[in-house]
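J.: Can you read through this structure? Questions will come right after.
The values are calculated or read from the model by the stated rules, or taken from the named source; none is laboratory data. Just so you know, these numbers come straight off a predicted model, no measurement behind them. Every residue, glycine as well, gets a Cβ built from its backbone with ideal geometry; the counts of neighbours run over all protein chains shown. The area values use the complete protein model at the heavy-atom level, side chains included, leaving out ligands, DNA and RNA. Shrake-Rupley method; radii C 1.70, N 1.55, O 1.52, S 1.80 Å.
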Amino acid sequence: MSEFTDALRVSGAVRLADIDPAATPGSAGSKREGAAALEEGGARLAALQERLFAASRGGGTRAALLIVQGMDTSGKGGIMRHVVGQVDPQGVAIRAFKAPTEEERAHDFLWRIERALPGPGMLGVFDRSHYEDVLIHRVRGLSAPAEVESRYGRIVAFEQGLLDRGIEVVKVMLHISREEQGARLLERLDRPEKHWKYNPGDVDERQEWDAYMEAYEVAIERTGIAVPWHVVPADRKWFARLAVQELLIEALERIDPRWPEADFDVAAERERLLATG
């Protein structure tokens with residue numbers, strides 16, 4: 001599957017307008033075949049995540065972190081439910097980064113990120129992340145341009161530090177088209193059971209679409225040094241989920257977690273157990 005994920009990796013400058021959000025690079029299958037592949041991959045993902053969690057009980061220090069970015073309705077919630085939801089929840093720590101609290105604003109922008117990093121054996125998942133502090137801040141002018149510029153380099157150093165600490169990082173941008181986003185927002189308005197998902201502020205952000213695409217392009221080019229970005233076409237939900245699942249599987253395979261050795265006499269314990277009838 002490496003050719004599949006290699007097709008999503010971005011190195012250096014990128015022009016998002018040249019990447020088709022409805023494409024399925026590296027996959028010639030249908031939606032039905034994609035759903036079947038997702039289910040099959042779920043067993044592989046769950047087994048690797050269990051090994052990662054178990055390894056920490058034997059002193060292992062490795063962890064994994066999935067960073068998911070994307071415009072509103074790009075499918076971040078679906079990734080949480082259909083991909084991350086395939087593994088044992090006791091080994092997962094999901095954090096959705098909303099607008100910072102008063103306490104968080106009193107600290108450096110990376111302060112709340114550092115506090116949410118996964119510990120040994122954990123799969124951490126960020127629904128939005130420190131990239132909000134260069135994306136929305138650039139578009140909305142929430143920080144001075146010089147401050148935003150300085151953050152790109154600080155992010156690179158921060159992510160290199162994560163790798164140095166044994167955290168395997170996967171960085172994904174879910175690339176949805178403006179047309180598909182409009183259709184998904186309209187569905188939230190037309191279906192009462194989806195009204196809870198609708199946020200009037202999403203329309204305000206949608207009006208800045210071109211500015212956000214430019215902000216993403218700058219962030220991807222400037223911060224893909226320590227950890228590469230993967231731009232995942234997201235108009236087809238089944239493909240985006242399959243792609244992120246495979247990226248996670250490959251990350252855990254790079255860690256290659258091992259089952260911990262028993263800290264007791266297995267043969268003796270077996271005899272004791274059998275003696276109980």
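J.: Rank Thr276, Thr24, Thr101 by accessible area, highest first, at a 1.4 Å probe radius? Could you put the intermediate results ahead of the total?
T.: On the way: Thr276 110, Thr24 35, Thr101 70 Å².
Descending accessible area places them as Thr276, Thr101, Thr24.
J.: Counting other C-beta atoms within 10 Å, and keeping those with at most 15, which DSSP coil GluC sites (Glu not before Pro) do you find in the range 180-225?
T.: On the way: sites: Glu180, Glu187, Glu193, Glu205, Glu208, Glu214, Glu217, Glu221; in loops: Glu208.
Taking the range 180-225 and a limit of 15 other Cβ atoms within 10 Å, the loop GluC sites (Glu not before Pro) found are Glu208.
J.: Go ahead and run the numbers for FRET between Ala267 and Ala54, Cβ-Cβ distance against an R0 of 35 Å, rounding to 0.05.
T.: Numbers: r = 21 Å, r/R0 = 0.60.
After rounding, the FRET efficiency stands at 0.95.
J.: With a cut-off of 8 Å between alpha carbons and a minimum separation of six or more residues, what is the relative contact order of the chain in percent? Don't jump to the answer; show the numbers that get you there.
T.: Values: 386 pairs, mean separation 99.2, N = 277.
Computed over the chain, the figure is 36 percent.
J.: Show me, for the range 65-73, the HN-Hα J-couplings you get by feeding each phi into the Karplus relation (A = 6.51, B = -1.76, C = 1.60, θ = phi - 60°), rounded to Hz, glycine and proline as x.
T.: Once θ is set to phi - 60°, the couplings for the range 65-73 become 9, 9, 10, 10, 10, x, 5, 4, 6 Hz.
J.: While we're looking at this one, here's another question. Tell me, what is the FRET efficiency for Arg258 and Leu110 to the nearest 0.05, using R0 = 35 angstrom and their Cβ-Cβ distance as r?
T.: Values: r = 32 Å, r/R0 = 0.91.
Computed FRET efficiency for Arg258 and Leu110 comes out at 0.65.
J.: Using a cut-off of 14 Å between beta-carbons, work out the net charge of the residues near Ala37 (Lys and Arg +1, Asp and Glu -1, Ala37 not included). Mind showing how you got there, number by number?
T.: Details: positive: Lys31, Arg32, Arg44, Arg236, Lys237, Arg241; negative: Glu33, Glu39, Glu40, Glu246.
Net charge around Ala37: +2.
J.: 5 Å is the cut-off here: which amide hydrogens, built 1.01 Å from N in the peptide plane, fall below it relative to Glu168, excluding neighbours closer than 5 in sequence?
T.: For Glu168, the qualifying residues are Ala63, Ala64, Leu65.
J.: From the backbone phi of the range 188-201, what are the Karplus-calculated ³J(HN,Hα) couplings (6.51 cos²θ - 1.76 cosθ + 1.60, θ = phi - 60°) in whole Hz, Gly and Pro given as x?
T.: Working through the residues one at a time gives 5, 7, 7, 10, x, 6, 10, 4, 5, 7, 7, 10, x, x Hz.
J.: Could you check what % of the DSSP bridge pairs in the chain are antiparallel, to the nearest 5?
T.: On the way: 2 of 25 bridges.
Bridges in the chain are about 10 percent antiparallel.
J.: Evaluate E = 1/(1 + (r/R0)^6) for Arg165 and Glu39, where r is the Cβ-Cβ distance and R0 equals 41 Å; express this FRET efficiency to the nearest 0.05.
T.: Working: r = 33 Å, r/R0 = 0.81.
Plugging the Cβ-Cβ distance into 1/(1 + (r/R0)^6) gives 0.80.
J.: Karplus couplings for the range 9-21 from phi (6.51 cos²θ - 1.76 cosθ + 1.60, θ = phi - 60°), rounded to Hz, Gly and Pro as x?
T.: Whole-Hz 3J(HN,Hα) from phi for the range 9-21: 6, 10, 10, x, 5, 9, 10, 4, 5, 8, 9, 6, x.
J.: Shape verdict for the range 51-123, please, from the Cα gyration tensor: rounded (a/c under 1.5), prolate (a/b greater than b/c) or oblate. All intermediate terms of the calculation are to be shown ahead of the outcome.
T.: Numbers: a/c = 2.98, a/b = 1.27, b/c = 2.35.
Oblate shape, in that a/c is at least 1.5 and b/c is the bigger or equal ratio.
J.: Quick one: length gained pulling Asp204 to Glu187 fully straight, 0.36 nm per residue minus the C-alpha distance? Walk me through the intermediate numbers first.
T.: Values: separation 17, 0.36 × 17 = 6.12 nm, distance 1.74 nm.
Full extension of this stretch gives 4.4 nm more.
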